[in-house]
Amino acid sequence: MDIKKVVVIGSGTMGSGIAAHLCNANIPVTLLDLKTEISEKARDRIHKSKPPLLIDKSKINNIKVGNISDNFDIIKEADWVVEAVVERIDIKHQIYEKIFKERKDGAIVSSNTSSIPIKILSENLTDTEKKDFCITHFFNPVRYMGLLEIVKNENNDLNKINQLKKFCEVELGKGAIICNDTPGFLGNRVGVYAMQVAMTEAFKMKLSIEEADAVFGRPMGIPKTGVFGLYDLIGIDLMADVLKSFIKELPKSDEFHEVAKEIPLVKRLIETGYTGRKGKGGFYRINKAGTTKVMEAINLETGDYLVAKKIDIKSDNVDLNRLINRKDKYGDYAWSVISKIIKYASSLVPGITKEFNDIDEAMRLGFNWTKGPFEMLEEIGVKNFFDKVNNFKGNEFLKNLSKTKNEDFYGERQKYTNIETLGKVKRTASSVDGNDSAKIYRFNDYNIVEFTTKANALNYDSMDALKKATDKPLIIINESMQFSAGVNLTYTMDFADKNDFKSIEKFIKYFQETCKHLKYSKYPVVSAPSGLTLGGGFEVMVQSNFVASHTNIVVGLVETIVGLIPAGGGCKEMLARWLNTDEAKANPNYASLKVFDIIGYGKTATSPVEAEPMKYLRPEDKKIMNRNSLLEVSKNILMDNKNFKAPEELKFNLPGKSVLEDMYKILDKLYNDKIILDHGVKVARELAYVLSGGDTTIDKTLSEDDLFKLELEAFMRLIETQKTQDRIKYTLGTGKPLIN
């Protein structure tokens, strides 16, 4: 089956997202709605979307728009028709009747429903039509969420379903999991249950919403929104509708009914317009106290709002055994929630899928969990789990496991794909090395380094692991959401608060030394970034010999935002790339001014297509649609470079004072126009001095070490200022920049 043209019917959030992602894959798509102007507005929204749904704005040209009255004959040309209209069965049935009258023989028709069973959707179709009809449940936002659930039933042509899966995996970069026609399919069935357990247990155990979110978040390998924050994000009223759908569809014996009972406080919030972020607030709300905005959290017992408290349970890394064995309310809550999730998920095997680790992958790809329920069970340990649990009546999976006590029950990972993924490969490593900040997986012919800190922020131990792993060809890659958000600023500020600037300088020097070591190592180094690749993370990537980048990266040097400059070689490498342009060869000031603009504004790119013009990525760097393929592509790069020779060290001829004066003129204008303030000028002047080459002239040749020295000295002058420290602390506390 060759899918060359697609029609998407329904231009709401999901329809627009699906159409945009087809554009990213260079698949021509037509977006239809009731009126053409509705489709045109959706097209405009896609073009202007933030975060961007398109990897390159020019790809919007792949979308044609129309309406279902005048342009429905386009269906005849489509190889795949995706229905993404309102969740009303009568409307969907009317659409299907029209589609199947017009579609060409053999074309696939699918619904993006998240809740309506395929047997109901297809009840008016003929047996022949049912063969080509399925559910393709994308997760929102479509570009960024990896999960695609393809729902089949006994009527489907399985060969065609598998061909669709392959297309969505290869061309659209999705983790396409085939599942049975059961309520909520895989991801939502377990994900919504987990949310409800986390909520109901918080009520039962009298935890505050801040405490519950602090536990049911990063310490459990779940996004930091937690449960109450996620409820607000999704919409409390929408979640209530989702629960009603589950209650209606699931048998009374299903454990879901226990956690889906209506909660009076939730009912009251919906009735009073507190439906979450889209309403007046929800479990959290922003309130004004004078001229300042204050985050408030609701008291689950009284329903009153109080100033939200920051809860630190001293557990940044995912360590489930440590978490559930805490002798406090947080440990009790964690165990109660985790054990119930494991019991519920395992009770669904083989009903919703015969492959239990498909459930884990659905939670990873659709809910951004770092570990699914069965991986949680594996980490806790089979014996430890059954020492704490004895009630699993009717659960055949746990019943069998309790008899075998097989600690190696998990077996192969990621069975849903034939791609050689990191999750599969790292279990076969000949040995595992490293430390708390990074793991080294050793194989016969190469090593893998995987960062393991929060947001994969870099510290001394991260550098140790990188240096230690260069005794063989090296791939730097991970399974988490981010490649690396940069150097760990909390780690840096701990020293600054003690006036221990010598330790900061020592760390930055070691960071520079490590990056240089990667670049000129005897063996090739490949970075395979996905997600945030910022600051120090970018400097690791840019000083690797090769890059295989996922299309969903956010890449750039953003240090100026927190009052610093790049000091791990970022300035040096960006200068080198821009000095190698025809414009720079004609104008000695060109490269310094160009890099000054890019780094000074902390510009980021949200895809490889955006990154290339800024020279964050090179034309020869690999750009990969399917994140699962990053390891395979990286290994192929190593195979193709068995005769690798380290590059020659860079030399720089920079203009010094002449370009510095041009930069100062730019700063004077920005300051006079009040675009930057006093400390912004100071930071930019330090950056300008580095990028000009310092006390140099165009006929003087500088080495990489000279540039490293300039970066380090400027960094240290800035980190020692109170205003830079204020910026860092403000950003760490709020996630927002401070302009001072």
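Here are some residues: F228, F167, F216. Which one is surrounded by fewer than 22 Cβ atoms within 10 Å (Cβ to Cβ) and either aromatic (F, W, Y) or out of contact with any Ser or Thr (no Cβ under 6 Å at 6 or more places or on another chain) (or both)?
Testing whether each residue is surrounded by fewer than 22 Cβ atoms within 10 Å (Cβ to Cβ) and either aromatic (F, W, Y) or out of contact with any Ser or Thr (no Cβ under 6 Å at 6 or more places or on another chain) (or both) leaves just F167.
Quick one: which helices (runs of 4 or more DSSP H) sit completely within region 1-104 and have at least 3 residues that are under 20 Å from P141 (Cβ atoms) and touching a residue at least 60 places away in the same chain (Cβ under 8 Å)?
Output list reads 13-24.
Report, ordered by the first and then the second residue, all pairs with beta carbons closer than 6 Å, sequence separation of six or more or different chains, a first member in region 247-266 that is assigned by TED's automatic domain parsing to the domain that holds I298 and among the aromatic types (F, W, Y), and a second member that is assigned to a loop (DSSP other than H, G, I, E, B) and surrounded by 17 or more Cβ atoms within 10 Å (Cβ to Cβ).
Going by the 6 Å Cβ cut-off, the qualifying pairs are F256/L250.
Return the only residue of K293, K261, K314 being touching a strand residue (DSSP E or B) at 6+ places or on another chain (Cβ under 7 Å), modelled with pLDDT under 95 and among the charged types (D, E, K, R).
Working: K261 fails: touching a strand residue (DSSP E or B) at 6+ places or on another chain (Cβ under 7 Å); K314 fails: touching a strand residue (DSSP E or B) at 6+ places or on another chain (Cβ under 7 Å).
After ruling out the rest, the residue left standing is K293.
Residue-by-condition table, conditions (1) assigned by TED's automatic domain parsing to the domain that holds H550; (2) out of contact with any Cys (no Cβ under 9 Å at 6 or more places or on another chain); (3) under 16 Å from S629 (Cα atoms):
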position	(1), (2), (3)
E412	no, yes, no
Y416	no, yes, yes
A429	yes, yes, no
G434	yes, yes, no
N456	yes, yes, no
Y460	yes, yes, no
M463	yes, no, no
I476	yes, yes, yes
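If I ask for residues that are of a type in the set (S, T, N, Q), in contact with a Ser or Thr (Cβ under 6 Å, 6 or more places away or on another chain) and under 21 Å from N159 (Cβ atoms), which ones from region 75-133 would you list?
S110
Say whether the condition of being farther than 24 Å from L172 by Cα and among the basic types (K, R) is met by at least one residue in region 53-63.
No, region 53-63 contains no residue that is farther than 24 Å from L172 by Cα and among the basic types (K, R).
Matching residues to (1) farther than 19 Å from G563 by Cα; (2) more than 17 Å from the chain's Cα centre (by Cα):
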position: S480; (1), (2): yes, no
position: A485; (1), (2): no, no
position: N488; (1), (2): no, yes
position: M493; (1), (2): no, yes
position: A528; (1), (2): yes, no
position: S544; (1), (2): yes, yes
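Go through region 345-382 and give me each residue that's more than 25 Å from K152 (Cβ to Cβ) and either assigned to a loop (DSSP other than H, G, I, E, B) or touching an Asp or Glu at 6+ places or on another chain (Cβ under 7 Å) (or both). Please lay out each step first, then the result.
Within region 345-382, the first condition is being more than 25 Å from K152 (Cβ to Cβ), and the residues that meet it are 368, 370-371, 375-382.
Result: N368, T370, K371, E375, G381, V382.
Are there helices (runs of 4 or more DSSP H) fully within region 631-740 with at least 3 residues that are over 30 Å from S527 (Cα atoms) and out of contact with any Ser or Thr (no Cβ under 7 Å at 6 or more places or on another chain)? List them.
By residue number, 657-672, 678-692, 722-734.
In region 688-696, is there at least one residue being closer than 27 Å to F546 by Cβ, modelled with pLDDT of 95 or more and surrounded by fewer than 21 Cβ atoms within 10 Å (Cβ to Cβ)?
Looking for residues that are closer than 27 Å to F546 by Cβ, modelled with pLDDT of 95 or more and surrounded by fewer than 21 Cβ atoms within 10 Å (Cβ to Cβ), one finds none in region 688-696, hence no.
For residues that are in a loop (DSSP other than H, G, I, E, B) and either polar (S, T, N, Q) or at pLDDT below 95 (or both), scanning just region 510-562, find the one that is nearest to L707 (Cα to Cα).
Within region 510-562, the match that is nearest to L707 (Cα to Cα) is Q543.
The values are calculated or read from the model by the stated rules, or taken from the named source; none is laboratory data. All values reported here derive from a predicted model rather than from experimental measurement. Don't worry about glycine lacking a Cβ; one is built from the backbone with ideal geometry, like all the others, and counts go over all protein chains shown.
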